[in-house]
Amino acid sequence: MPETTPAQVATLDRADSVKLATCVIAAGIARPAALHDGMPGVTDRLLIGAEPIAWPHGFTVAEIELATDAAIPAHRLAVPDVWFVAEGTVEVAIGEETALCGPGDTITVPQGAARALANRGQGAAKVVQVRGGDTLPVPEPV
């Protein structure tokens, strides 16, 4: 592999502390609502896909908190989804199949598949969702 030249290095984008701050969303910072916010017991915050992190990534990231017994009803999205369970116990439904998932579990949902999510634990649950596309998709109720 050829050595990188000083001229090539000079063309690289460098992030100073101000620019780097636009790439970080600190825990607890208020964020815009995402797809499911406003449902009873559900808080859905858009992390990537809204200012300050709104440039094209090819995906959006949202953090969903579900109170005990809260649920997001079955719906379809025209994009794939990946869900990472950060806290609690959730029941995931994809099509007619269901699974109980807990902290550290990762679920992938194919584009167009019916999907639902419900908190089945004793306390709040938190799920991080990564969806395809640079903008939030429109859910189609099932």
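The test for being in a strand (DSSP E or B) and either in contact with a Leu (Cβ under 8 Å, 6 or more places away or on another chain) or basic (K, R) (or both) does not hold for A116. Quick check: is even one residue across the stretch 45-54 surrounded by fewer than 17 Cβ atoms within 10 Å (Cβ to Cβ), of a type in the set (D, E, K, R) and either under 16 Å from the mean Cα position of the chain (by Cα) or not in a loop (DSSP other than H, G, I, E, B) (or both)? Yes, the stretch 45-54 has at least one match. Given the structure, is T43 touching a strand residue (DSSP E or B) at 6+ places or on another chain (Cβ under 6 Å) and modelled with pLDDT of 90 or more? Yes: the conditions hold for T43.
Within the stretch 77-119, the set of residues being polar (S, T, N, Q) and closer than 20 Å to T60 by Cβ comprises T106, T108, Q111. Going through the stretch 75-94 one residue at a time, which ones are among the aliphatic types (A, V, I, L, M) and either surrounded by fewer than 16 Cβ atoms within 10 Å (Cβ to Cβ) or within 16 Å of the chain's Cα centre (by Cα) (or both)? If the condition is that a residue be among the aliphatic types (A, V, I, L, M) and either surrounded by fewer than 16 Cβ atoms within 10 Å (Cβ to Cβ) or within 16 Å of the chain's Cα centre (by Cα) (or both), then L77, A78, V79, V82, V85, A86, V90, V92 are the ones that fit. A Cβ distance below 6 Å, combined with a sequence gap of six or more or placement on separate chains, defines the contacts here; from the stretch 124-137, residues that are over 18 Å from L66 (Cα atoms) and among the aliphatic types (A, V, I, L, M) reach residues that are assigned to a loop (DSSP other than H, G, I, E, B) and at pLDDT below 95 in the pairs L136/L35.
Screening the candidates R131, R120 for the property of being out of contact with any helix residue (DSSP H, G or I) (no Cβ under 9 Å at 6 or more places or on another chain), among the charged types (D, E, K, R) and closer than 17 Å to L77 by Cα yields one hit, R131.
Within the stretch 69-91, if we keep just the residues that are assigned to a loop (DSSP other than H, G, I, E, B) and among the hydrophobic types (A, V, I, L, M, F, W, C), the residue that is modelled with the highest pLDDT turns out to be A70. Just one of the listed residues (T22, T11, T5) is of a type in the set (S, T, Y) and in contact (Cβ under 8 Å) with a residue 12 or more places away in the chain, and it is T22. Residues that are modelled with pLDDT of 95 or more, closer than 23 Å to G38 by Cβ, part of a loop (DSSP other than H, G, I, E, B) and not aliphatic (A, V, I, L, M) do not occur anywhere in the stretch 92-111. Looking only at residues in the stretch 1-28 that are in a loop (DSSP other than H, G, I, E, B), surrounded by 10 or more Cβ atoms within 10 Å (Cβ to Cβ) and of a type in the set (A, V, I, L, M), the one that is modelled with the highest pLDDT is I25. Restricting attention to the stretch 95-118, the residues that are in contact with an Asp or Glu (Cβ under 6 Å, 6 or more places away or on another chain) and either crowded, with 16+ Cβ neighbours inside 10 Å or among the charged types (D, E, K, R) (or both) add up to 2.
The values are calculated or read from the model by the stated rules, or taken from the named source; none is laboratory data. Everything numeric in this text was worked out from a predicted model, so none of it was measured. Using ideal geometry, Cβ is built from the backbone for each residue, glycine included, and neighbour counts are taken over all protein chains shown.
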